[in-house]
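Report on the following structure.
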Amino acid sequence: MAEPTTLERLRQDARDELAALIELRCRLGEDPWAFLPELPSVDEQVVATLREERLHSERWSPARARAYHPTARRGAAERFEFEVLRDIALDHPELSTAVWSLLGRVPTAW
């Protein structure tokens, strides 16, 4: 069998992570009908994982520190998040829909 591509592997990891989260929340007694709509899609979870990886990279770490610094200009954090997500969309065009859906919900306290 062929080795899965990176995106396929990331999607499988995201599915596994979401399945584990769903199982945990159900075991804790939560109603799936209440929390399932709040969960990200598989591709949104992949985007969140890629974003997290980028935040620890040499390229993005200093930019994040500047954007989230208390003396940063108004809107700097939002611009930073836009650039990170845009970079993910450019690197993985298949995730563009998920990236753009997340842009409208970007919390600056991520």
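Every read-out reported here was derived from the displayed coordinates using simple, explicitly stated rules and does not represent laboratory data. The structure displayed is predicted, hence computed values, not measured ones. Don't worry about glycine lacking a Cβ; one is built from the backbone with ideal geometry, like all the others, and counts go over all protein chains shown.
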Using 7 Å Cα-to-Cβ label points, what is the H69/D31 separation (nm, one decimal)? 4.9
Want the number for R105 to L39: 0.36 nm per residue separation, take away the alpha-carbon distance, what's left? 22.5 nm
What's the magnitude of the charge dipole for the chain around its Cα centre, counting Lys and Arg as +1 and Asp and Glu as -1 at the beta-carbon? Answer in Debye, nearest 20. 640
Report, in deg cm²/dmol and to the nearest 500, the calculated mean residue ellipticity at 222 nm for the chain, where each DSSP H run with n ≥ 4 adds -39500 (n - 2.57) and the sum is divided by the residue count. -20000 deg cm²/dmol
With the crude spin-label approximation of a point 7 Å out along Cα→Cβ, what separation in nm comes out for A19 versus L55? 2.7
Roughly what angle does helix 76-91 make with the longest principal axis of the chain, taking Cα atoms, 0 to 90 degrees, to the nearest 10? 60
In degrees, nearest 10, the alpha-carbon axis of helix 6-27 is tilted away from the dominant principal axis of the alpha carbons of the chain by 60
Any chance you could run the full-extension gain for T97 through Q12? It's 0.36 nm times the residue separation minus the Cα-Cα distance, nm to one decimal. 28.8 nm
Once the dipole of the chain is set up from charges on Cβ (+1 Lys and Arg, -1 Asp and Glu), the residue from the list L102, T49, P62 lying farthest towards its positive end is P62
Quick shape summary for the chain, equivalent ellipsoid via Cα gyration tensor, semi-axes whole Å in descending order, reads 27, 20, 12
